Amino acid sequence: MDVKAEGEIREVAKTNEEVSFGSNSKLKGWGSLSCRNMLGKRNGNFSSKDMFVRADKIDLKSLDVQLERHVSRVWSKNSEAAKPKEEWEIDPSKLHIRYLVAQGTYGTVYRGTYDTQDVAVKLLDWGEDGMATNAETAALRASFRQEVAVWHKLDHPNITKFVGASMGTSNLKIPSKDASGDGYATLPSRACCVLVEYQTGGTLKKFLYLNRRKKLAFQTVIQLALDLSRGLSYLHSKKIVHRDVKAENMLLDARKTLKIADFGVARVEAQNPQDMTGETGTLGYMAPEVLDGKPYNRKCDVYSFGICLWEIYCCDLPYPDLTFAEVSSAVVRQNLRPDIPRCCPNSLANIMKKCWDANPEKRPDMNEIVRMLEAIDTSKGGGMIPEGQSGGCLCFTRARGP
């Protein structure tokens, strides 16, 4: 290299331009690859070997993050290619996620379309790449596989229909929550999602809230109760315990047919009850044996159904004035249960009482509850009478709370 060319290199270095080693590189140093053109015009013998990079200008932390993400993506793609495709796996290119619907304990729900079908997309939140520990990631993946294993085999008119799932893909476009963004959120490379048929009627909880003043006709009460009981009876016949039966996890279609959803904590019933312990579910719906940490079986769903049955009839919350801690303690130690209105027909009140019996063995099976509900005569009415109307419902005199 001649002296004149060397001087020009030093002059270019003062501009502190970026050395481009690739389309995404941000390394700063002496000169720029573009200076080759400048030197070439003067017939210099400049080559890449003569390039220098200042070490103090390299952001090693940023490089580490980029390398980790790249390795993660490559690992994910290689893992996906190595494993045979499951029968329930979707083609991500056919999925269009439109907007956020709800956020829950076990994931975020979006509305979208899959191959022209209207679907609800439940995304398991894995967190940012490299942020979750291996143990946390393994637990999330196990939870996902558990839900899919339960759901994709079910076929019943009162169970939300499973469409498909994706296990570990970064090819999903998620609508951004940040209005200032580019419209889509970045997705961890091993994110997973479950697709089910979208129900336009919303949740049972929302429906009951909308009817909290005028209440429901008795025929509607029994129909909703039958839908729920038939769905649970079907699950129990498959040895599946839902473990989180509540109004929020029940969906309604356009015709107000109830469908059970959210199998995030459902599991196949263990042959040994000792294998099923721990507080799983939602406080207020949880059976005493579950709250107390004792072994339980499918009868915990029966207890939760009894609470839901009361909610459907009353269009109200069972323990509005108590804290979670007070409810938990009183249900186990003081046999606290919701107050049944006097206007509630005995045929329905008796089912409630049998369902929330403190002794699980005394609770009826769901198929027996279906038969009891089918035997109720709805032709003469019997629904909850709204407050303020003549002859309005009065609750039993037993005080609410512990």
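The values are calculated or read from the model by the stated rules, or taken from the named source; none is laboratory data. Model, not experiment: these values are computed from the prediction. Cβ placement follows ideal geometry from the backbone for every residue including glycine, while neighbour counts extend to all protein chains displayed. These area figures cover heavy atoms from the full protein model, side chains too; ligands, DNA and RNA do not enter into them. Shrake-Rupley method; radii C 1.70, N 1.55, O 1.52, S 1.80 Å.
Basic side chains Lys and Arg get +1 at the Cβ, acidic Asp and Glu get -1 at the Cβ, and with that the dipole of the range 199-386 about its Cα centre reaches some 540 debye.
With R₀ set to 35 Å, the beta-carbon distance separating R111 from E87 gives a calculated FRET efficiency near 0.90.
Sorting V194, V163 on solvent-accessible area from highest to lowest, probe radius 1.4 Å, gives V163, V194. Projected onto its three principal axes, the C-alpha set of the range 199-386 covers 45, 34, 29 Å, listed from the longest axis down.
Extension gain for the segment A149 to A375, taken as residue separation times 0.36 nm less the Cα-Cα distance, is 77.9 nm to one decimal.
Fully extending the segment from L317 to S237, taken as 0.36 nm per residue of separation minus the present Cα-Cα distance, adds 25.8 nm. Comparing A325, A358, L204 along the charge dipole axis of the range 199-386, the residue lying farthest to the positive side is L204, per the Cβ-charge model. Using a simple spin-label model with pseudo-atoms 7 Å out from Cα toward Cβ, K205 and A330 lie 2.0 nm apart. For N346 and K161, what is the calculated FRET efficiency with R₀ set at 41 Å and r taken between the beta-carbons, to the nearest 0.05? The computed FRET efficiency comes out at 0.65. A crude spin-label estimate for the pair K173 and A254, with each label 7 Å from Cα along the Cβ direction, gives 2.7 nm.
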